[in-house]
1. Dividing the Cα convex hull volume of the chain by residue count, how many Å³ per residue is that?
2. Sequence gap at least 6, Cα distance under 8 Å: using those rules, report the relative contact order of the chain to the nearest whole percent.
3. Give the residue list of chymotrypsin sites (Phe, Trp or Tyr not before Pro) in segment 16-69 that are DSSP loop and have at most 12 other beta-carbon atoms within 10 angstrom.
4. Report the trypsin sites (Lys or Arg not before Pro) located in segment 27-69 that are in a DSSP loop and have at most 13 other Cβ atoms inside 10 Å of their Cβ, or state none.
5. Against the longest principal axis of the chain, how steep is helix 40-56, in degrees 0 to 90 to the nearest 10, with axes from Cα atoms?
6. With all protein chains present, how much of the accessible area of the chain (probe radius 1.4 Å) comes from carbon and sulfur, to the nearest whole percent?
7. Could you state how much accessible area residue 61 has, in square angstrom rounded to the nearest 10, with a 1.4 Å probe and all protein chains kept in place?
8. Given a 1.4 Å probe, how much area per residue of the chain is accessible, in Å²?
Amino acid sequence: MSQIFESDVITVNQADFCPVPGYLILRFKRDVYSLSELTPDELLAYSSALSCLISALEEVVRADRVYVL
């Protein structure tokens, strides 16, 4: 996978295994099994990155919908 962003908390990679344009993988650098385990700083980093990624996908890829799984 090609890394496109990294912070102290997360990494964002382009999913090379999927032909869908804009298929991105956002991962925490530590093991997280539930969003309820996140610290306030981790939650802020996650939500900020997610917001930026969704905006970029809507603008660059012209995605009608962005799904978060």
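The values are calculated or read from the model by the stated rules, or taken from the named source; none is laboratory data. Note that this is a predicted model, so its numbers are computed, not measured. Cβ coordinates were reconstructed from backbone atoms using ideal geometry, including for glycine residues, and neighbour counts include every protein chain displayed. Heavy atoms of the whole protein, side chains included, go into the accessibility calculation; ligands, DNA and RNA do not. Shrake-Rupley method; radii C 1.70, N 1.55, O 1.52, S 1.80 Å.
1. Hull volume over Cα atoms, normalised by residue count, gives 95 Å³.
2. 21 percent
3. Listed in order of number, the matching sites are 17, 33, 67.
4. 29, 30, 62, 65
5. 10 degrees
6. Looking at the chain in its full context, I get 55 percent from C and S.
7. Here the accessible area works out near 60 Å².
8. Roughly 76 Å² per residue, with all protein chains present.
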